[in-house]
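The values are calculated or read from the model by the stated rules, or taken from the named source; none is laboratory data. All values reported here derive from a predicted model rather than from experimental measurement. Please note: Cβ atoms are built from the backbone with ideal geometry, for glycine as well, and neighbour counts cover all protein chains shown. The area values use the complete protein model at the heavy-atom level, side chains included, leaving out ligands, DNA and RNA. Shrake-Rupley method; radii C 1.70, N 1.55, O 1.52, S 1.80 Å.
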Amino acid sequence: MTTRGIDEDLLAEAQQVVDVAQCNGLAEKPEVLKERLFNAVNDGELSVAKACLDANAETPVRLPVDVVDEDGNTPLSEAACYGEVELVGFFLS
């Protein structure tokens with residue numbers, strides 16, 4: 001879809017690339033990664049969620065897949081709540 005000369009699909013894809021790059025640059029900042037992970041789940045952005053979980057993969061501060069937010073929700077429970085089937089499958093794998 002194009003609005004005011006801007007391709008919204010292309011803009012959304014570009015935003016995902018930026019979000020992934022930002023997750024990759026956040027090594028050793030688990031609280032920021034956690035926030036970005038939950039935002040990615042809420043927005044249905046699988047690539048960003050993967051990047052957040054992979055950001056500290058080889059370090060002791062790795063973000064666990066079952067991390068909880070301030071309400072006690074996990075990324076899996078949030079993905080299921082929002083009907084994000086692809087994300088649910090990823091978190092279960």
Got a number for residues in the range 42-60 being of a type in the set (Ser, Thr, Tyr) and under 18 Å from Asp9 (Cα atoms)?
1
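Mind telling me which of the residues Glu78, Glu86 ends up being open to solvent by less than 60 Å² (accessible area, probe 1.4 Å), part of a helix (DSSP H, G or I) and at pLDDT 90 or above?
Details: Glu86 fails: open to solvent by less than 60 Å² (accessible area, probe 1.4 Å).
Just one listed residue meets the conditions, Glu78.
Would you point out which residue out of Val48, Val68 is among the aliphatic types (A, V, I, L, M) and either outside any helix (DSSP H, G or I) or surrounded by fewer than 20 Cβ atoms within 10 Å (Cβ to Cβ) (or both)? Show your work before the answer.
Numbers: Val48 fails: either outside any helix (DSSP H, G or I) or surrounded by fewer than 20 Cβ atoms within 10 Å (Cβ to Cβ) (or both).
Only one candidate qualifies: Val68.
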For the range 28-41, what are the residues that are surrounded by 15 or more Cβ atoms within 10 Å (Cβ to Cβ) and either under 15 Å from Phe90 (Cβ atoms) or touching a residue at least 12 places away in the same chain (Cβ under 8 Å) (or both)?
Pro30, Leu33, Lys34, Arg36, Leu37, Phe38, Ala40, Val41
